[in-house]
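Colleague: Pasting a structure here, questions to come.
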Amino acid sequence: MSFNGFTADALKFLYENRMRNEKTWYDNHKDIYKEKVYNPFVELIIELAPTMMEIDSQLITVPSKIISRVRRDTRFTKDKTMYRDNAWFVFLRDKSIMSTSPCYWFELNQRGSSYGIGYYGAQTSSMANMRDMIINNHPYFVKALKCYEAQDKFIIGGEMYKRSKFPEQPENLRTWLDRKNIYFECVQNNFNLAFSKELPDVLKKGFLQLKPIYNFLCMVEAQQIKNS
């Protein structure tokens, strides 16, 4: 089946599942999760897979490996709510280092949706490598910067240091240099895109547009391995 858009029923299930916060309730309604949330994500990923292989043949495209789990891992957090009210996928090379690897993502949440590229939480050493490459005007960064500055859809994000570590650098470079983490995202504060069957085409176009930035982040990680 082809992707026809997410529905309000998907959001309703995710919200109620979180509010109920009961394994028994989830188990009794698992078929709704499968039909309204999981299966549409699978259909979306299948449509995106050829484009993602074009971007990077090492990316994982098996739906079951890259769709978020409906139950949260509460071992290391004070919030013991068992279930989340959002869902997402990530395209990345190595799932074992998902939180510290550059990845493409799409997320459906109770406010709308978002998609983009970047780190969930980059390693300090990765960010240090990135800064060195920026300062030294690495060719991959030159292409990434040109890519970012030539568009207005994706916004750079990530926590910044309170005081610039590179006050002598141009402002457009400090936007990259002064971050503890980095990502580039397009946010929709409505459901027009998520509920549309055009979503796969929009994601393909956006993900291809971000390829120079993805290539740069992959080179950052390659330098990380080389220096370790």
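The values are calculated or read from the model by the stated rules, or taken from the named source; none is laboratory data. Owing to the predicted nature of the structure, the values given are computational and were not obtained by experimental measurement. Here the Cβ is made from the backbone with ideal geometry for all residues, glycine too, and neighbour counts use every protein chain on show. These accessible areas exclude ligands, DNA and RNA; they are computed on the full protein's heavy atoms, side chains included. Shrake-Rupley method; radii C 1.70, N 1.55, O 1.52, S 1.80 Å.
Colleague: What nm distance separates the two modelled labels at residue 137 and residue 151, each placed 7 Å from Cα along Cα→Cβ?
Modeller: Distance between label points: 2.6 nm.
Colleague: Moving to a separate point now. What does the charge add up to near residue 18, with Lys and Arg as +1, Asp and Glu as -1, over the other residues with Cβ less than 10 Å from its Cβ? Write down the numbers at each step before the final one.
Modeller: Values: positive: 20, 72, 84; negative: 16, 85.
Neighbourhood net charge equals +1.
Colleague: How much FRET efficiency would the formula 1/(1 + (r/R0)^6) give for residue 96 and residue 1, where r is the Cβ-Cβ distance and R0 is 35 Å, rounded to 0.05? Write down the numbers at each step before the final one.
Modeller: Working: r = 31 Å, r/R0 = 0.88.
After rounding, the FRET efficiency stands at 0.70.
Colleague: About the Cα centre of the chain, what is the dipole size in debye to 20, counting +1 per Lys and Arg Cβ and -1 per Asp and Glu Cβ, all else neutral?
Modeller: On the way: 33 positive and 26 negative charges, 137 e Å.
In debye, rounded to 20, the chain gives about 660.
Colleague: Related question: Calculate the FRET efficiency for residue 125 and residue 9 from the Cβ-Cβ distance with a Förster distance of 35 Å, rounded to the nearest 0.05.
Modeller: On the way: r = 44 Å, r/R0 = 1.25.
The computed FRET efficiency comes out at 0.20.
Colleague: Further, regarding this structure: Under 18 Å from the Cα of residue 162, which aspartates and glutamates turn up, not counting those fewer than eight places away in the same chain?
Modeller: The qualifying aspartates and glutamates are 171, 178.
Colleague: Among 81, 127, 68, whose Cα lies farthest out toward the positive end of the dipole of segment 8-227, if unit charges sit on the beta carbon of Lys, Arg (+1) and Asp, Glu (-1)?
Modeller: 81
Colleague: Here is a further query. For the ranges 124-130, 65-71, what's the packing order if you count other beta-carbon atoms within 10 Å of each residue, average per peptide, and put the highest first? Could you put the intermediate results ahead of the total?
Modeller: On the way: 124-130: 18.3, 65-71: 15.7.
Output ranking for 124-130, 65-71: 124-130, 65-71.
Colleague: Measure off 7 Å from each Cα along the Cα-to-Cβ vector at residue 24 and residue 159, then give the distance between these two points in nanometres to one decimal.
Modeller: 4.0
Colleague: Still on this structure: For residue 23, list the lysines whose Cα falls under 16 Å from its own Cα; do not include residues on the same chain fewer than 8 positions away.
Modeller: Filter leaves 34, 80.
Colleague: Something else now. Holding the Cα-Cα limit at 23 Å, pick out from 95/204; 65/153; 95/143; 95/153; 146/205; 36/95 the pairs that are longer than that. Spell out each step's value before the answer.
Modeller: Details: 95/204 21 Å; 65/153 28 Å; 95/143 27 Å; 95/153 27 Å; 146/205 17 Å; 36/95 25 Å.
Table pairs above 23 Å Cα-Cα are 65/153; 95/143; 95/153; 36/95.
Colleague: To the nearest 20 debye, what is the magnitude of the charge dipole of segment 111-225 about its Cα centre, counting +1 on the Cβ of each Lys and Arg and -1 on the Cβ of each Asp and Glu?
Modeller: Details: 15 positive and 11 negative charges, 19 e Å.
With Lys and Arg at +1 and Asp and Glu at -1, about 100 debye.
Colleague: Hey, another quick one. What nm distance separates the two modelled labels at residue 49 and residue 31, each placed 7 Å from Cα along Cα→Cβ?
Modeller: If labels sit at residue 49 and residue 31, their model points lie 2.7 nm apart.
Colleague: Right, next: Could you work out the local net charge near residue 164, counting Lys and Arg as +1, Asp and Glu as -1, over the other residues with Cβ closer than 10 Å to its Cβ? Kindly include the intermediate steps, with their values, before the conclusion.
Modeller: On the way: positive: 162, 163, 165, 174; negative: 168, 171, 178.
Combined, the nearby Lys, Arg, Asp and Glu give +1.
Colleague: Here's something else I'd like to know. Report residue 51's accessible area, 1.4 Å probe, all protein chains in place, as a number in Å² to the nearest 10.
Modeller: For residue 51, the solvent-accessible surface is approximately 20 Å².
Colleague: Right, another one. May I ask you to give the solvent-accessible area per residue for the chain, in square angstrom, as obtained with a 1.4 angstrom probe?
Modeller: Working: 12360 Å² over 228 residues.
Roughly 54 Å² per residue, with all protein chains present.
Colleague: Taking all protein chains in place and a 1.4 Å probe, what share, in percent, of the accessible surface of the chain do carbon and sulfur account for?
Modeller: Whole-percent figure for carbon plus sulfur exposure: 50.
Colleague: Then there is this: Measure out, as a whole number of angstrom, how far apart the alpha-carbon centroids of segment 77-136 and segment 1-72 sit.
Modeller: That distance is 17 Å.
Colleague: Now for a different question. Taking the Cβ of residue 5 as the center, what net charge do the other residues with Cβ under 9 Å away carry, scoring Lys and Arg +1 and Asp and Glu -1?
Modeller: On the way: positive: 197; negative: 198.
The answer is 0.
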